[in-house]
Amino acid sequence: MAYVLLQRILNKTKYYAAIGLIVEGVLNRTISDILALPDIPEVESHRLCELCHIFNALEGLFVEDASQEASMADITYLFEEGALVDFHVDELVRLVRALFADTQLRTNTIIKLSVGHPAPRE
């Protein structure tokens with residue numbers, strides 16, 4: 001993979017700048033192409049959702065420690081912001097139970113999640 005080669009020959013600052021420019025170019029082109037569509041049929045909408053998941057995985061290119069996990073605060077924030085709508089509440093609850101020790105914070109987070117996804121903001 002090209003990013004591994006870049007990682008080996010560039011220092012961290014230049015590596016992140018180069019990868020950032022590549023990702024930004026891809027995202028800008030994709031967004032431009034999407035905005036140019038006169039209509040997005042349901043099938044294409046699902047494909048775009050899959051593409052967004054792929055783009056989300058690009059975040060891993062910018063993480064130095066691959067063993068980093070999301071914190072409870074990250075999950076709660078993303079949930080409250082409506083960024084986790086692709087997940088069912090029961091999936092999120094199972095994830096929190098699997099990742100975090102049985103503490104009052106985990107219990108409180110599970111209660112928040114169990115209420116359901118927040119209403120979309122306008």
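The values are calculated or read from the model by the stated rules, or taken from the named source; none is laboratory data. The model shown is predicted, which means the values in this text are computed figures rather than measured ones. Note that each Cβ is placed from the backbone with ideal geometry, even for glycine, and that neighbours are counted across all protein chains shown. Side chains are part of the model used for accessible areas, which takes the heavy atoms of the whole protein and leaves out ligands, DNA and RNA. Shrake-Rupley method; radii C 1.70, N 1.55, O 1.52, S 1.80 Å.
Observations, loosely collected:
- Among (1) 129; (2) 97; (3) 156, the entry that matches volume of the Cα convex hull per residue in Å³ as calculated here: (3)
- A Förster radius of 22 Å combined with the Cβ-Cβ distance from Thr13 to Glu59 puts the calculated FRET efficiency at roughly 0.75.
- Using a Förster distance of 35 Å, the FRET efficiency for Ile31-Leu105 (Cβ separation, nearest 0.05): 0.40
- A full extension of the chain between Leu48 and Leu6 corresponds to an added length of 12.3 nm, given 0.36 nm per residue minus the alpha carbon distance.
- The chain: angle of helix 42-57 to the longest principal axis, Cα-based, in degrees nearest 10: 80 degrees
- Measuring nothing but how far apart in sequence close Cα pairs (under 8 Å, 6+ apart) lie, relative to its length, the chain scores a relative contact order of 22 percent.
- Portion, in percent, of the accessible area of the chain that falls on carbon or sulfur, probe 1.4 Å: 59 percent
- Probe 1.4 Å, accessible area per residue of segment 49-118, Å²: 70 Å²
- Over segment 74-117, the fraction of Cα-Cα pairs per 5 Å bin, rounded to whole percents and listed from the shortest bin up, is 5, 25, 38, 24, 7, 0.
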